[in-house]
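Right, one structure below, let's go through it.
The values are calculated or read from the model by the stated rules, or taken from the named source; none is laboratory data. None of these values were measured; they are calculated from a predicted model. Heads up, the Cβs are rebuilt from the backbone with ideal geometry, glycines too, and the neighbour counts pull from every protein chain shown. SASA here: full protein model, heavy atoms, side chains in, ligands and nucleic acids out. Shrake-Rupley method; radii C 1.70, N 1.55, O 1.52, S 1.80 Å.
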Amino acid sequence: MSTLIEYIPLILFFAVYKMVDIYWATGVLVAASAIQMAYAYFKEGKIGTRHWVFFAIALVLGTMTILFRDEHFIQWKATFVYAILALTLIISRWFFDKNLVQKALLGLLNSVAEKQNEGEAGTSAESILVPKKVWEQLNIFWVVLFSAIAALNIYVAYNFSLDFWVNFKVFGLMGITFVAIIFTIARVYPYFPDEQS
């Protein structure tokens with residue numbers, strides 16, 4: 001359910017763009033992002049740093065898009081977000097010795113395992129013994145992917161029509177991310193314990 005909620009601002013952006021225009025869609029994106037933050041606060045009692053950063057980017061670029069009537073500002077949003085994600089992975093790995101890809105995937109697997117084993121003694125994600133080399137490769141893979149998406153978004157924004165960019169942002173970026181997640185899971189799947197595989 002929370003995954004669907006993450007995509008609501010994007011879905012509303014797409015729908016309003018198709019029905020009205022980019023400026024209304026941008027306003028709806030910013031408003032929906034603010035509502036999403038409020039929902040996160042009431043549900044969890046706090047708002048994560050990631051949500052604050054992404055909302056700030058949407059607010060600043062969205063406001064500039066509407067005030068200056070220039071869609072290029074909002075087109076930069078995805079580039080900023082993916083560049084920040086790439087930098088976060090690099091900085092956390094090289095300066096804090098943390099592999100955030102490993103942490104995120106093990107957290108996801110633990111969450112799935114808890115739901116499958118409610119009330120039962122099950123295997124946790126910590127029992128998945130993936131070699132450090134594989135985690136390092138996956139971290140590099142996501143850094144390269146996020147960097148490539150950041151560059152690709154701007155290339156599409158400046159070399160194709162606004163309609164094409166909106167479709168690319170909604171379907172293309174989601175599709176690329178989905179394929180990358182499947183690749184990541186497939187890469188660690190051989191290390192799953194027999195009872196989880």
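Assign unit charges at the C-beta atoms only (+1 for Lys and Arg, -1 for Asp and Glu), then state the dipole size of the chain relative to its Cα centre in Debye, rounded to the nearest 20.
Value, rounded to 20: 420 debye.
With a sphere of radius 14 Å drawn around the Cβ of Gln137, what net charge do the other residues whose Cβ falls strictly inside it have (Lys, Arg +1; Asp, Glu -1)?
Neighbour charge sum, excluding Gln137 itself: +3.
Ignoring any ligand, DNA or RNA, what whole percent of the accessible area of the chain comes from carbon and sulfur when the probe is 1.4 angstrom? Walk me through the numbers on the way to the answer.
Details: 8110 of 11840 Å².
Reported share for carbon and sulfur atoms: 68 percent.
Against the 2.2 N^0.38 Å scaling, with N counting residues, where does the chain land? I'd like the Cα-based Rg ratio to two decimal places.
Rg over 2.2 N^0.38 Å, computed on Cα atoms: 1.14.
Please list, or write none, the lysines whose alpha carbon is within less than 29 Å of the alpha carbon of Lys46, excluding same-chain residues fewer than 8 places away.
Lys77, Lys98, Lys103, Lys115, Lys169
Which net charge results when you count Lys and Arg as +1 and Asp and Glu as -1 among the other residues whose beta-carbon is under 13 Å from that of Phe160?
Combined, the nearby Lys, Arg, Asp and Glu give -1.
For the chain, report the accessible area per residue in Å² (1.4 Å probe, heavy atoms, rounded to an integer).
60
Just need the relative contact order of the chain here, percent rounded to a whole number, with Cα pairs under 8 Å and 6+ apart.
Details: 162 pairs, mean separation 36.5, N = 197.
The normalised contact order for the chain reaches 19 percent.
How much net charge surrounds Phe13 when only other residues with a Cβ under 11 Å from its Cβ are counted (Lys, Arg +1; Asp, Glu -1)? Present the calculation step by step, with values, prior to reporting the outcome.
On the way: positive: Lys18, Lys77, Lys169; negative: none.
Value of the local net charge: +3.
How do 21-32, 153-164 rank on mean C-beta neighbours within 10 Å, highest first?
21-32, 153-164
Taking the Cα-to-Cβ direction at Met37 and at Ile140 and moving 7 Å from each Cα, how far apart do the two end points lie in nm?
Each label point lies 7 Å from its Cα, and together they span 3.7 nm.
Put a dot 7 Å past each Cα toward the Cβ at Ile154 and Met174; how far apart are the dots in nm?
In this crude label model, Met174 to Ile154 measures out at 2.6 nm.
Hey, what number do you get for the chain at 222 nm if only DSSP H runs of n ≥ 4 count, each worth -39500 (n - 2.57), divided across all residues, to the nearest 500?
-26000 deg cm²/dmol
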